[in-house]
Amino acid sequence: MNELDRLKQIALFSEFADKPERIQKILAVAERVQVRAGEVIIKEGDVGDTLFIILEGSVRIIKKTLQNEPYTVVILKENENVYFGELALVDSDRRSATVIAESDCSLISLARNSFLTLCRDDYELGFRVVLQIAKKLSSSLRKMNQDVITLFEALVSEVDGEDLS
């Protein structure tokens with residue numbers, strides 16, 4: 001699949017599926033990156049400034065436990081029309097996970113500075129992309145809140161069931 005067709009299918013840019021000239025603006029400031037299987041694309045704790053879109057291949061998202069043990073959060077594949085590192089477009093905080101290429105990958109990378117320049121030139125495009133990032137964050141936050149409630153309820157049930165005498 002070519003870059004234009006892939007970006008049309010990515011949620012961040014789907015509002016521009018019928019406006020290829022807008023997607024071409026994004027591609028004009030983005031870069032194509034080749035990554036070998038096993039290569040680290042993002043390292044947890046590093047400061048990030050780039051969004052990545054998978055054109056070909058798959059990546060593994062890894063987090064560390066409190067005991068510093070790695071665990072796989074998810075494996076993202078090209079046919080899922082996915083991206084990662086999107087928060088780096090709006091802030092310069094540390095990366096929350098490590099991303100490793102599962103296979104040889106072809107990625108599109110979009111750096112924050114390039115994105116911000118694009119936003120200054122096309123306010124609507126920038127607004128629409130940031131709105132999609134906000135929607136994804138809202139959904140993740142709602143799920144996380146529900147997970148916390150579920151864990152809290154399980155903890156309360158466990159404590160209530162214990163014999164404290």
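The residue list ASP104, ASP147 contains one member that is surrounded by fewer than 17 Cβ atoms within 10 Å (Cβ to Cβ) and over 30 Å from GLN34 (Cβ atoms), which is ASP147. Within segment 106-129, being closer than 20 Å to LYS8 by Cβ, touching a residue at least 12 places away in the same chain (Cβ under 8 Å) and not hydroxyl-bearing (Ser, Thr, Tyr) holds for LEU107, ILE108, LEU110, PHE115, LEU118, ASP122, LEU125, ARG128, VAL129. SER14 falls short on exactly one of the conditions (1) open to solvent by 50 Å² or more (accessible area, probe 1.4 Å); (2) under 20 Å from THR72 (Cα atoms); (3) small (Gly, Ala, Ser), and that condition is (2). Residue count for segment 70-80 satisfying the condition of being touching a residue at least 24 places away in the same chain (Cβ under 8 Å) and surrounded by 19 or more Cβ atoms within 10 Å (Cβ to Cβ): 1.
Residues in segment 118-133 that are farther than 12 Å from LYS25 by Cα and buried (at least 16 other Cβ atoms within 10 Å of the Cβ): ARG128, VAL129, VAL130, GLN132, ILE133. Evaluation of GLN132 against the conditions (1) free of Cβ contacts under 8 Å to residues at least 12 places away in the same chain; (2) more than 30 Å from ASN68 (Cα to Cα); (3) under 14 Å from the mean Cα position of the chain (by Cα) shows that the sole unmet condition is (1).
Quick grid of which residues meet (1) of a type in the set (Lys, Arg); (2) closer than 18 Å to ARG128 by Cα:
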| residue | (1), (2) |
| --- | --- |
| ASP46 | no, no |
| ASP49 | no, no |
| SER58 | no, no |
| ILE62 | no, no |
| LEU66 | no, no |
| LYS77 | yes, no |
| VAL90 | no, yes |
| ARG95 | yes, no |
| VAL99 | no, no |
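Within segment 58-69, the set of residues being more than 19 Å from SER103 (Cβ to Cβ) and surrounded by 13 or more Cβ atoms within 10 Å (Cβ to Cβ) comprises LYS63, LYS64. Within segment 18-32, residues that are among the acidic types (Asp, Glu) sit with their Cβ atoms under 9 Å from residues that are in a helix (DSSP H, G or I), at 6+ positions apart or across chains, in these pairs: ASP18/LYS8; GLU31/SER114. The residue of segment 32-64 that is farthest from VAL90 (Cα to Cα), among those that are within 17 Å of the chain's Cα centre (by Cα) and among the acidic types (Asp, Glu), is GLU56.
The values are calculated or read from the model by the stated rules, or taken from the named source; none is laboratory data. Keep in mind that this is a model prediction, so the values were computed, not measured. Here the Cβ is made from the backbone with ideal geometry for all residues, glycine too, and neighbour counts use every protein chain on show. With ligands, DNA and RNA removed, areas are computed over all heavy atoms of the protein, side chains included. Shrake-Rupley method; radii C 1.70, N 1.55, O 1.52, S 1.80 Å.
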